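For reference, the structure is listed below as structure tokens.
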Amino acid sequence: MDILEAVKLRHSVRAYTQQPIEREKIDALQQEINKINKDSSLNIQIVTNDPDAFNTMTAHYGKFSNAVNYIAIVGKKSKDQDTECGYYGERLVLLCQMLGLNTCWVGLTYNKKKNKIKINQDEKLICVIAFGYGVSQGNDHKRKSFEQVTKNAQNAPDWFKKGVECALLAPTAINQQKFRFSINGNKVKLEKRLGFYAKIDLGIVKYHFEIAAGKDNFIWE
């Protein structure tokens with residue numbers, strides 16, 4: 001499975017089986033996390049077999065079950081930390097999909113006090129990504145159209161259109177898709193609109209756009 005196939009197949013999953021995750025898959029995730037932590041201001045951590053993190057009333061209300069494995073997105077406190085979290089977190093989400101694992105972005109429904117995450121004084125736990133073998137492969141959701149998330153882009157080049165279409169497959173909080181693209185020559189602008197976890201969504205959407213558009217075709221404005 002390549003990354004574009006992973007984008008199309010990946011859906012949010014909250015219920016997992018008790019099937020243990022193979023060591024080689026954990027190692028592959030850890031290797032990617034090491035690269036990301038080196039290239040960013042993040043301190044991403046992987047936690048396995050922790051039954052306490054999702055043992056909360058909100059998690060049960062959110063229909064999480066057997067969610068014992070998760071990736072903690074921890075980062076240094078800054079104005080860009082949420083966007084960085086989304087960008088690099090989605091990189092790991094799609095790697096999970098390529099490894100045959102299911103995932104769910106989680107902002108609130110986990111226990112922020114009873115977990116195995118290490119947070120330094122200048123850092124903040126931004127969110128977590130639950131992962132494992134899903135009971136199902138999840139369900140698709142209704143998406144906005146190209147026209148609804150772009151501005152003056154009717155005559156845009158094919159790479160831009162492919163990027164936006166891939167961005168429309170990106171997960172966003174409560175499927176709100178609060179973003180808009182515009183293009184000027186080879187310069188692309190991505191704007192967030194008011195919404196729940198909009199900055200994290202912006203990072204996720206940015207990564208999706210780059211996957212299909214090709215980073216050599218444009219520069220971010």
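The values are calculated or read from the model by the stated rules, or taken from the named source; none is laboratory data. Computed from a prediction, not measured in an experiment: that's the story for all the values here. Backbone-built Cβ (ideal geometry, glycine too); neighbour counts: all protein chains shown. Surface areas here come from the heavy atoms of the whole protein model, side chains and all, with no ligands, DNA or RNA. Shrake-Rupley method; radii C 1.70, N 1.55, O 1.52, S 1.80 Å.
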Next on the checklist: Show me the trypsin sites (Lys or Arg not before Pro) within region 1-74 that DSSP assigns to loop and that have at most 11 other Cβ atoms within 10 Å of their Cβ.
Outcome noted: 63
Next on the checklist: As I understand it, the value is the acute angle between the Cα axis of helix 23-39 and the longest principal axis of the Cα atoms of the chain; what does it come to in degrees, rounded to 10?
Outcome noted: 50 degrees
Item to check | Residue pairs, from the table 118/144; 77/142; 76/162; 35/162; 8/77; 25/151, whose Cα atoms sit over 29 Å apart | outcome: 118/144; 77/142; 76/162; 8/77; 25/151
Checklist entry - Is the shape of region 59-98 best called rounded, prolate or oblate, per the rule: a/c under 1.5 gives rounded, else a/b larger than b/c gives prolate, else oblate, with a ≥ b ≥ c the square roots of the Cα gyration tensor eigenvalues? => result oblate
Checklist entry - Roughly how many Å² is the accessible area per residue of the chain, as a whole number, for a 1.4 Å probe? => result 53 Å²
Item to check | Among 96, 51, 172 the positive-end extreme of the charge dipole of the chain (Cβ point charges) | outcome: 172
Item to check | Amide H contacts under 5 Å for residue 65, placed H, 5+ residues apart | outcome: 15, 16
Checklist entry - What percent do you get for the relative contact order of region 133-221 when only Cα pairs under 8 Å and 6+ apart count? => result 32 percent
Item to check | Segment residue 24-residue 136, extension gain: residue separation times 0.36 nm, minus the distance between their alpha carbons | outcome: 38.1 nm
Checklist outcome for this item: Expected vector for region 148-153, Karplus 3J(HN,Hα) from phi with 6.51, -1.76, 1.60 and θ = phi - 60°, integer Hz, x for Gly and Pro, equals 6, 10, 10, 10, 6, 10
Next on the checklist: Under 8 Å for C-alpha pairs, at least 6 residues apart: give me the relative contact order for the chain, rounded to a whole percent.
Outcome noted: 25 percent
Checklist outcome for this item: Going residue by residue through region 40-46, the Karplus relation 6.51 cos²θ - 1.76 cosθ + 1.60 with θ = phi - 60° gives ³J(HN,Hα) values, rounded to whole Hz and with x marking Gly or Pro, of 9, 9, 8, 10, 6, 9, 9
Item to check | Cα-based reach from residue 116 at 17 Å (exclusive), listing lysines while leaving out same-chain residues under 8 positions away | outcome: 124
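Quick one: work out Rg over Rh on the C-alpha atoms of region 91-188, Rh as Kirkwood radius.
Values: Rg = 17.4 Å, Rh = 16.5 Å.
Rg divided by Rh gives 1.06.
Can you show me the helix-derived [θ] at 222 nm for the chain, built from DSSP H runs with n ≥ 4 at -39,500 (n - 2.57) apiece and divided by the number of residues, rounded to the nearest 500.
Numbers: 6 runs with 73 residues, N = 221.
Result for the chain: -10500 deg cm²/dmol, rounded to the nearest 500.
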Next on the checklist: Taking every DSSP beta bridge with both residues inside the chain, roughly what % is antiparallel (nearest 5)?
Outcome noted: 80 percent
Checklist entry - If you bin every alpha carbon distance in the chain into 10 Å steps from zero, what whole percent lands in each bin? => result 8, 34, 37, 17, 4, 0
Next on the checklist: Please list, in order along region 173-190, the HN-Hα scalar couplings obtained from phi with the Karplus expression 6.51 cos²θ - 1.76 cosθ + 1.60 (θ = phi - 60°), rounded to whole Hz, x for Gly and Pro.
Outcome noted: 4, 6, 6, 7, 6, 8, 8, 8, 9, 9, 9, 9, x, 9, 9, 10, 10, 10
